[in-house]
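The values are calculated or read from the model by the stated rules, or taken from the named source; none is laboratory data. Keep in mind it's a predicted model, so treat the numbers as computed, not measured. As a convention, Cβ positions derive from the backbone with ideal geometry for all residues, glycine included, and neighbour counts pool all protein chains shown.
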Amino acid sequence: MATGKSTNRREFISTSLKGGLAMTIGLSATTPILQSFTNPADRIGSLFPTGFDQQPLPYKYDALENVIDAMTMEIHYTKHAAAYAKNLKEAAAAEKVDITKPLEDVLARISTFSTKMRNNGGGHYNHELFWQSMQPKKEGNAPAGSLLAALNKTFGSFDAFKKQFGDAGKNRFGSGWAWLYIDSKDKTLKIGSTPNQDNPLMDISEIKGFPLLGLDVWEHAYYLKYQNRRADYIDNWWNVVNWNFVQQRFEKMG
Ligand code: MN
């Protein structure tokens with residue numbers, strides 16, 4: 001029966017993910033969870049694990065207008081993010097990385113690779129996640145269900161969560177990212193930020209865990225429309241967050 005098979009498969013995946021996360025969110029090379037997900041067809045729509053190739057943008061460049069302008073989106077995707085992917089592939093070839101394996105595996109051991117791998121591996125991963133975590137603006141855009149409950153429990157309210165996450169982005173000096181992630185140690189939701197193209201999956205990161213939502217606060221992400229007004233970009237960005245995507249990641253890994 002197709003239905004039964006599907007259910008079993010979901011249960012298997014869910015169990016595997018939780019087991020893998022419990023074992024180590026460092027996602028080491030020998031983590032079975034990653035080895036069982038090397039086929040891109042097994043990504044189950046959540047962008048996990050992440051490959052080395054840039055995936056198609058899930059909407060048009062002008063789809064986020066009034067929040068992120070079309071020219072920023074086009075340059076960001078076709079120039080900045082494309083360059084991270086290209087340079088990552090170069091570093092992977094030079095450093096003998098098997099690119100049929102998940103990128104997460106490299107990030108978990110990023111201290112053993114070059115600075116080029118760190119900057120571009122992080123850059124590629126972070127942008128792949130960023131594109132998927134946005135969608136065209138719509139009314140009543142907010143988290144729901146178990147994710148909303150967890151945000152309320154951890155941060156007090158959705159507004160309090162947005163304030164703390166926004167501050168993480170606003171207070172990041174220079175270039176970097178703000179994150180909502182599942183902490184690798186206590187498995188609770190945390191907010192933090194990383195410099196440059198680092199992320200919580202990296203073994204060199206001060207904050208460690210599985211990223212649910214990341215916000216790019218590099219000037220290239222907002223300068224054409226917002227110039228120096230990073231705070232306005234962040235406050236406006238909440239209108240285009242794809243909470244269904246964040247919720248999927250949370251349910252699979254939380
Ligand atoms: Mn960027």
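Values computed for the structure shown
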{"item": "Yes/no for A150 being over 17 Å from H80 (Cα atoms), surrounded by 14 or more Cβ atoms within 10 Å (Cβ to Cβ) and either of a type outside the set (D, E, K, R) or at pLDDT 95 or above (or both)", "result": "yes"}
{"item": "Set D186, D167: member being at pLDDT below 95 and surrounded by fewer than 18 Cβ atoms within 10 Å (Cβ to Cβ)", "result": "D186"}
{"item": "Residue count for the stretch 169-220, restricted to those that are basic (K, R) and either within 16 Å of the ligand (Cβ to nearest atom) or not assigned by TED's automatic domain parsing to the domain that holds W243 (or both)", "result": "1"}
{"item": "Selection status of K138, away from the ligand (no atom under 16 Å from the Cβ), of a type in the set (K, R) and in contact (Cβ under 8 Å) with a residue 24 or more places away in the chain", "result": "no"}
{"item": "Sole exception among (1) touching a residue at least 12 places away in the same chain (Cβ under 8 Å); (2) in contact with an Asp or Glu (Cβ under 7 Å, 6 or more places away or on another chain); (3) closer than 27 Å to Y77 by Cβ for S146, by number", "result": "(3)"}
{"item": "Which numbered condition W237 misses (of (1) aromatic (F, W, Y); (2) in contact (Cβ under 8 Å) with a residue 40 or more places away in the chain; (3) touching a helix residue (DSSP H, G or I) at 6+ places or on another chain (Cβ under 6 Å))", "result": "(3)"}
{"item": "N126 within 16 Å of the ligand (Cβ to nearest atom), of a type outside the set (A, V, I, L, M, F, W, C) and touching a Pro at 6+ places or on another chain (Cβ under 9 Å)", "result": "yes"}
{"item": "Qualifying residue in the stretch 77-97 (condition: under 19 Å from N242 (Cα atoms), touching a Leu at 6+ places or on another chain (Cβ under 8 Å) and within 16 Å of the ligand (Cβ to nearest atom))", "result": "yes"}
{"item": "Unmet requirement for Q54, which otherwise passes all of (1) more than 14 Å from the ligand (Cβ to nearest atom); (2) buried (at least 17 other Cβ atoms within 10 Å of the Cβ); (3) polar (S, T, N, Q)", "result": "(1)"}
{"item": "Breaking point among (1) in contact with a strand residue (DSSP E or B) (Cβ under 7 Å, 6 or more places away or on another chain); (2) farther than 22 Å from A81 by Cα; (3) buried (at least 18 other Cβ atoms within 10 Å of the Cβ), for P143", "result": "(1)"}
{"item": "Lone qualifier among N126, N119, N87 - being within 23 Å of K162 (Cβ to Cβ), modelled with pLDDT of 95 or more, assigned to a helix (DSSP H, G or I) and of a type outside the set (A, V, I, L, M, F, W, C)", "result": "N126"}
{"item": "Failed condition for F155, given (1) at pLDDT below 95; (2) surrounded by 18 or more Cβ atoms within 10 Å (Cβ to Cβ)", "result": "(1)"}
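Let's see how each residue does on (1) among the β-branched types (V, I, T); (2) more than 22 Å from Y84 (Cβ to Cβ):
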{"site": "T188", "(1), (2)": "yes, yes"}
{"site": "N196", "(1), (2)": "no, no"}
{"site": "I204", "(1), (2)": "yes, no"}
{"site": "F210", "(1), (2)": "no, no"}
{"site": "G214", "(1), (2)": "no, no"}
{"site": "N228", "(1), (2)": "no, yes"}
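Every residue, every condition in (1) farther than 19 Å from G176 by Cβ; (2) of a type in the set (A, V, I, L, M, F, W, C), yes or no:
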residue: N66; (1), (2): yes, no
residue: Y84; (1), (2): no, no
residue: D105; (1), (2): yes, no
residue: A108; (1), (2): yes, yes
